[in-house]
Amino acid sequence: MSMPISKKDLTSCLLCHNPMCTNGCSNGVDPGRIIRSLRFANYKGAIEHLTDACLNCDAECENFCVIPGEVKIKAILSKCYEEKEIHNPTFRRLSLKTSICGIPVENPFLLSSSVVASNYDMLKRAFLAGWAGASFKTISMFDMHEASPRYSAIKGLDGTIQSFKNIEQLSDHSVIDNIEMISKIKEEFPTKFLLISIMGRDEKEWKYLAMRVEKAGASAIELNFSCPNMTEDDTGSDVGQIPSLVEKYTKAVTSVVNIPVIAKLTPNVMSMSEAALAAKRGGAKGIAAINTIKSITEFSIIENIYNTGNNQIAVGGLSGPAVKPIALRFISELSQNEELADMHISGMGGIYTYEDAIMFLSLGAKSLQVTTAVMEYGYRIIEDLIDGLELFLGENNISINQLKGFNKNKVVDVKEMKRDIIIYPKINRSTCVSCGRCYISCSDGGHQAIEFINRKPNLNPKKCVGCHLCVIVCPTGSIQSSQIEVEKTK
């Protein structure tokens, strides 16, 4: 189900830690959690947290907001009630229990190898929050010398991160310290999935690290063939771009351990299959994809014109929502390759909501990893990832194993797309505000199929080719696909 609450109303909420609105509610309602669920597309979960106490309250919680009166909590919760009355949703859930390389896990959600999974205290908090496991930040035998600052981002007008760039490298803890943390977390959380990421410079180092982490209690080992930020030559993505090295180092590791090995591959290639097949030949049981994409994001124009401050511009790894379509493309490629059919695919790249998770799973991923969303919003997002996915499976009566790969064969080459039909857009007059944005875009970037007369947009079907540019640019969502296929006239 969808929720017709404006994005502006939802993004005005800062998603505070220990929200004051919740603390200030005398009726025991948790408006902070409800709005957070709405922000992460978990609409049914939000409705489930409503109580009748909200119906006639005076919304005193709005006055407790860190920016008093900024978030229209009463209006948001009232809209939720309206939707509850209209749709009368059921709240049936199905289990998310699954497995990774034959090892049972409570749900498919892991933290990916990064700063969000870099020490004992962090993993403990994450596991208590509900994450099924984590890929521990990559352990190596060489010193890390990090830059400062090392993060940048491109944000939307509402302040949300659209793309995130980092030049972060590997764990800055010693091998001994990391081993101690792994042993401690394994002892305290024996059922959690500990995927330990490692990186060596030669076969000897790969073997040594693999044996150490296996002995410490690793559930499986992830081979980092994909970090784009390495200062050491012939490491990270330099390896992932050379299938022979992927096979060589994978074989070195699998020759000395008995636990599953997963190769984390780089997206900085045209195709990932060759490296994936090399990893399989080396004995890997799975593939993790994607790591970050080499890129340049925001930098200060003025600073670099006048050479003030730190005016260096670096290539780093791009993550966040902007990379999701690219990640899905690689997941689709791997899952459609019949030679990789028995390989576990752990998908990542821009997962923020349970809807994102469904996309990855339905295209062939079997487990999921998250970093950027956690960096922005914290471990607590697992609540809505689990809640939303459980409710989706229950509503559609489909198990998580049935969901995996459900859509993988629907991805076709562009040459196979239907080209003998047109699907016209449909304008909703009741919500159209006559801004003319559709007219501008169609006139200057489309097929001049929209006329704007007396401040009313009208579609000319003789010119419309069904490209749906107008659907995309409409700021009020008043233009939608009609879903009616009309055969092209000869």
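Determine, yes or no, whether G32 is assigned to a loop (DSSP other than H, G, I, E, B), more than 21 Å from the chain's Cα centre (by Cα) and among the small types (G, A, S).
Working: assigned to a loop (DSSP other than H, G, I, E, B): no; more than 21 Å from the chain's Cα centre (by Cα): yes; among the small types (G, A, S): yes.
When the stated conditions are applied, G32 does not pass them.
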Item to complete: Return the residue satisfying two criteria in turn: it lies in region 39-74 and is under 29 Å from the mean Cα position of the chain (by Cα) and assigned to a helix (DSSP H, G or I), and of such residues it is farthest from E390 (Cα to Cα).
Response: I73
Worksheet item: Yes or no: E83 within 27 Å of T160 (Cα to Cα), in a helix (DSSP H, G or I) and without any contact (Cβ under 8 Å) to a residue 60 or more places away in the chain?
Response: no
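Do we find that E205 is of a type outside the set (A, V, I, L, M), more than 28 Å from the chain's Cα centre (by Cα) and in the same structural domain as P108 (by TED's automatic domain parsing) in this structure?
Values: of a type outside the set (A, V, I, L, M): yes; more than 28 Å from the chain's Cα centre (by Cα): yes; in the same structural domain as P108 (by TED's automatic domain parsing): yes.
Spelling it out, E205 is indeed of a type outside the set (A, V, I, L, M), more than 28 Å from the chain's Cα centre (by Cα) and in the same structural domain as P108 (by TED's automatic domain parsing).
For (1) assigned to a loop (DSSP other than H, G, I, E, B); (2) crowded, with 18+ Cβ neighbours inside 10 Å; (3) at negative phi, each residue gets a yes or a no:
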| residue | (1), (2), (3) |
| --- | --- |
| D444 | no, no, yes |
| V465 | yes, no, yes |
| T476 | yes, no, yes |
| Q483 | no, no, no |
| V486 | no, no, yes |
Worksheet item: Of the conditions (1) under 32 Å from the mean Cα position of the chain (by Cα); (2) more than 11 Å from Y424 (Cα to Cα); (3) among the small types (G, A, S), S481 fails just one. Which one is it?
Response: (2)
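Filtering region 242-272 down to residues that are aliphatic (A, V, I, L, M) and in a helix (DSSP H, G or I), which residue is surrounded by the fewest Cβ atoms within 10 Å (Cβ to Cβ)?
Residues of region 242-272 that are aliphatic (A, V, I, L, M), as a first pass: 242, 245-246, 252-253, 256-257, 259, 261-263, 265, 269-270, 272.
Next cut, in a helix (DSSP H, G or I) only: 245-246, 252-253.
Working: L245: 17, V246: 27, A252: 20, V253: 24.
Taking the candidates together, the pick is L245.
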Discussion item. So A357 ticks every box in (1) part of a helix (DSSP H, G or I); (2) more than 12 Å from the chain's Cα centre (by Cα); (3) aliphatic (A, V, I, L, M) but one. Which box is left unticked?
Written reply: (2)
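Kindly indicate whether any position in region 255-262 is within 24 Å of the chain's Cα centre (by Cα) and under 24 Å from F330 (Cβ atoms). Can you show your working first?
To start, the set of residues in region 255-262 that are within 24 Å of the chain's Cα centre (by Cα) comprises 261-262.
From what's left, under 24 Å from F330 (Cβ atoms): 261-262.
Yes.
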Worksheet item: Can you find a residue in region 177-189 that is farther than 20 Å from V115 by Cβ, free of Cβ contacts under 8 Å to residues at least 40 places away in the same chain, within 27 Å of the chain's Cα centre (by Cα) and part of a helix (DSSP H, G or I)?
Response: yes
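Being out of contact with any Pro (no Cβ under 9 Å at 6 or more places or on another chain), surrounded by fewer than 16 Cβ atoms within 10 Å (Cβ to Cβ), on the phi > 0 side of the Ramachandran plot and not small (G, A, S) narrows it down to one of N18, N23, so name that one. Break it down into steps so the answer makes sense when it comes.
Numbers: N23 fails: on the phi > 0 side of the Ramachandran plot.
After applying the criteria, what remains is N18.
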Item to complete: State the number of residues belonging to region 7-59 that are out of contact with any helix residue (DSSP H, G or I) (no Cβ under 6 Å at 6 or more places or on another chain), of a type in the set (G, A, S) and without any contact (Cβ under 8 Å) to a residue 60 or more places away in the chain.
Response: 3
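Residue by residue through region 395-413, note down the ones that are of a type in the set (V, I, T) and exposed (fewer than 13 other Cβ atoms within 10 Å of the Cβ).
V412 - this is the single residue of region 395-413 that is of a type in the set (V, I, T) and exposed (fewer than 13 other Cβ atoms within 10 Å of the Cβ).
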Practice prompt. Output the number of residues of region 201-221 satisfying the condition of being in contact with a strand residue (DSSP E or B) (Cβ under 9 Å, 6 or more places away or on another chain) and part of a loop (DSSP other than H, G, I, E, B).
Written response: 3
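The values are calculated or read from the model by the stated rules, or taken from the named source; none is laboratory data. Here the structure is a predicted model, which means the values were calculated and not measured. We place every Cβ from the backbone using ideal geometry, glycine too, and count neighbours over all the protein chains shown.
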